[in-house]
1. Looking at the stretch 276-284, can you tell me whether even one residue there is among the hydrophobic types (A, V, I, L, M, F, W, C) and either within 18 Å of Leu415 (Cα to Cα) or part of a helix (DSSP H, G or I) (or both)?
2. Taking the stretch 410-452 on its own, how many of its residues are of a type outside the set (Ser, Thr, Tyr), under 31 Å from the mean Cα position of the chain (by Cα) and not in a helix (DSSP H, G or I)?
3. Need the failing condition index for Asp141 against (1) part of a loop (DSSP other than H, G, I, E, B); (2) surrounded by 21 or more Cβ atoms within 10 Å (Cβ to Cβ), just the number.
4. For the list (1) among the hydroxyl-bearing types (Ser, Thr, Tyr); (2) open to solvent by 40 Å² or more (accessible area, probe 1.4 Å); (3) under 30 Å from Leu248 (Cα atoms); (4) within 32 Å of the chain's Cα centre (by Cα), I need the number of the one condition that Ser59 fails.
5. Would you be able to say whether some residue in the stretch 583-594 is at positive phi and either modelled with pLDDT of 55 or more or not charged (D, E, K, R) (or both)?
6. Could you tell me whether Ile308 is in contact with a helix residue (DSSP H, G or I) (Cβ under 6 Å, 6 or more places away or on another chain) and closer than 21 Å to Leu60 by Cα?
7. If you go through the stretch 40-52, how many residues are among the polar types (S, T, N, Q), buried (at least 16 other Cβ atoms within 10 Å of the Cβ) and assigned to a strand (DSSP E or B)?
8. State which residue is modelled with the lowest pLDDT when the search covers only the stretch 682-699 and only residues that are assigned to a helix (DSSP H, G or I), open to solvent by 20 Å² or more (accessible area, probe 1.4 Å) and of a type outside the set (D, E, K, R).
Amino acid sequence: MSESLEWLSLPKYVDMAEMFAELDQKLFMRFILTGQHLLNSQVAVDPSHNLVNEQHPISLLRDYNTVIGFTKDIIVQGPFTILSTPQTHNFLSTNIHLVCPLSMSTTAAGRPVNQIPNFMLGSWGQLHQIFIFFPSLATEDRQDPQLAAEEMAIFRLCCLYSAINKLGGGPNFQLTEMLGTVSRPEHELRGNKVMPARSAMHLCHQIRQNAMVAGVTWASDIFFAHIIHGAKRAIHHMKDPHLAKEALAAHLSDVGLPKNVAEIGEWWIDVGLEIASAEGMCLQWSTSSHSYMAQAVLQVNERDANHITSIGSPEYTRDLASHLPSVSGCRIEPGPRYGGCYEAKYFQMCTTDGTLAYAPKGKCYGAALTIADAMGLTQPPEFISGLCDVYKLNASNGDTSNARVEVRVPLEHALGALQTLDPAMVSACLMGFTPRDWWMFKAYRVMGIKKALQALAESSPRIRVTPGALLLTAACVWLINSIHSQPDDGPASKELMQAVLPLTSATHNRGLFMYPYLDTEGHNGGEVFPYTPFGVIFLRGIQHPLEVPRIQCGDYFLSTQAFRSLFGRSLEDVRHSYTGDPLSNMDEDEWGEAGEFFDSELTQMWNQFLVDVVLDIKCVPYLRTSMEGRVAISEDTFRGANLSKIWVACQYRIGGPIEWRTSSNNLFPMPESKTNREYMRYPYFQEWRRISAAVSPMAARNLQEQLLRRVSAFSWIPQAGQDGMWSTMVDVGGFTRLPLDSAGPAPRILFKWSEPCWDDETTFE
């Protein structure tokens, strides 16, 4: 632990980060990652200095967003499109926080709708989807909402297509589907059917009738979901009941739903409130405000609000997306007990920050960096540079960010939700930062992580795969993805947090990242847990010297399962990928000296090199290899001492260390080296030039050293000059031609041992 602790406001922290960025890049990186600096002092950040008071001028604009409705029939008021080739993978699996209504199915009632087998049947308008559900398939043993391929085929051919044809779709609709899936690429399957609104109810009835006739009973009790997306900023209105009614009517009409839609099936709508600062501040929710906002929005009592916003509550998820534990939004599924007078199914507090990097894929609701990116040849990854540029541009432009509240309620409560919030109470729940302070805080965090990844990339391969370096790589990826999305807290990431963050055994600490299960007496069994005692997510410590930053590992690393989950392969694979060196006899202190990381791009280039060397146009007439043998070219081709397995004829000379190194350098020159055009005709060489030019000079040198070490394990290589890889000139400079009784030109090679073997009877297979 550092000798002294200095608490800073967020603006002061940004000022200090700017100072270190100008003073020394290594000190800057350490300051950003750990909060420690050259005075052996630890800084901590207290954003509460930026709490907004009740008098801060704010504007509140109400809006409507997603609409979700479950009905027995399709009820759109305009043309809709049926997909001619609905795919089994295009189904609703995301949790939309709604269960199947009893009016839709008695067998699946109360079950989350994303657990009922379904697929996307069609669409209408621009962004609106129609899903069809099969509640009879939702058995206790079946949790997967995806239809099996056989189920999809039966439904299409026995129920759907015949119904469309009967309503005027024509026989070609089914024929196109049956023939197209066999002979046409997927991107050419365009036989979607546009149906008029008057056909909607008849189509649904006909599907059910066809199912009964064909004996497909599980398709006879279908129901439909209508999902409308992406309208919130198009229908902003002031917080006023009359304006809310006009906006709702216009919204439902614009998307093609009937006026009496609330009477047809079960409908929910997302009602939003966006809060902006009249003074041009970036507004963020205070973590301590979640209970107050839940009480006000859901209209529940204080005890219930405290319960559903308490750590460990199954209804509550905290969204820390800025590396600041005291600044966060949240998501709440209140359930029937805590839904309040508006029967809310879902409630969230968020900001407009996330729209900068929103891409809902995998675990992160935001564009995500991978460890493969962080260990790739191009450093820093384009994603990091782009994210940093966006933050700096926002700061220079003075762009603000707004706070938002969204609640999903039954359609009948759309007019009342979020109408009674007191602006003064809302202001007291917010923090306000100048655009310069807020966006540069994020920018400096990204820049510090970027510097760490650059330093790792420029280190030697043996250093990069040490435990501390691997942990730092994984931590940098986790931190980058946490700057704009909720930090990943899955099992593997929890192990990572335990290995890289400060630790505590105090389970009451509000900065905990993992909340333990306590025994009946409230004890945790003596375990320690990762936490954030300094107001920002800082790493536990960086090893010195700083030339190559590494995590101070201590007693924690990653389990085999966690490492594979984060890195996508085993620790052993990362240690010595593609080197072929046996490491089983090395202890943990030695493996970092031997391991090498070989990126997939570099591996592909290397494999191409092996082929290009042997199958050069100048060599082919002298090769003994069969066509099958040529396909099997590998490193073993270059490691044998019997040259007659490869060549019909060749010229060799014993190559000393200098000559061997010179030829190797000519095969893999540095980017600044001048190279004859002769080399540019080789695919491997073009790729090597691209790869080596895309990284820093130091990183390119490290890559070259990896390649030259692999070449040094060969028994023979071409005598490669600056003017070309191969020469067949006769008897120049002490070369010996094989077979010994032969004469004439032949490829010239350097041999590593005293004399090669030659056997005219052998062939290469």
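The values are calculated or read from the model by the stated rules, or taken from the named source; none is laboratory data. Please read all numbers here as calculations on a predicted model, not as lab measurements. Cβ coordinates were reconstructed from backbone atoms using ideal geometry, including for glycine residues, and neighbour counts include every protein chain displayed. Side chains are part of the model used for accessible areas, which takes the heavy atoms of the whole protein and leaves out ligands, DNA and RNA. Shrake-Rupley method; radii C 1.70, N 1.55, O 1.52, S 1.80 Å.
1. Let us first name the residues in the stretch 276-284 that are among the hydrophobic types (A, V, I, L, M, F, W, C), namely 276, 278, 281-283.
Filter once more, so that each one left must be either within 18 Å of Leu415 (Cα to Cα) or part of a helix (DSSP H, G or I) (or both): none.
The answer is no; no qualifying residue exists.
2. Residues of the stretch 410-452 that are of a type outside the set (Ser, Thr, Tyr), as a first pass: 410-419, 421-426, 428-433, 435-443, 445-452.
Okay, now just the ones that are also under 31 Å from the mean Cα position of the chain (by Cα), so 430-433, 435-443, 445-452.
Subset that is not in a helix (DSSP H, G or I): 430-433.
Adding up the residues that qualify gives 4.
3. So the condition that Asp141 fails would be (2).
4. Ser59 satisfies every listed condition except (4).
5. First, the residues of the stretch 583-594 that are at positive phi: none.
Within the stretch 583-594, not a single residue is at positive phi and either modelled with pLDDT of 55 or more or not charged (D, E, K, R) (or both).
6. Working: in contact with a helix residue (DSSP H, G or I) (Cβ under 6 Å, 6 or more places away or on another chain): yes; closer than 21 Å to Leu60 by Cα: no.
Taking the combined requirement at face value, the residue does not satisfy it.
7. Here is the first cut: in the stretch 40-52, the residues among the polar types (S, T, N, Q) are 40-42, 48, 50.
Next, from what is left, pick out any that are buried (at least 16 other Cβ atoms within 10 Å of the Cβ): 42, 50.
This time we only want the ones that are assigned to a strand (DSSP E or B), so: 42.
Residues in the stretch 40-52 being among the polar types (S, T, N, Q), buried (at least 16 other Cβ atoms within 10 Å of the Cβ) and assigned to a strand (DSSP E or B): 1 in total.
8. Taking the stretch 682-699 as the starting set, the residues that turn out to be assigned to a helix (DSSP H, G or I) are 683-693, 697-699.
With open to solvent by 20 Å² or more (accessible area, probe 1.4 Å) added as a condition, the list becomes 683, 686-687, 689-690, 693, 697-698.
Checking which are of a type outside the set (D, E, K, R) leaves us with 683, 686, 693, 697-698.
Values: Pro683: 93, Gln686: 91, Ala693: 81, Pro697: 73, Met698: 69.
Once the filter is applied, the top-ranked residue is Met698.
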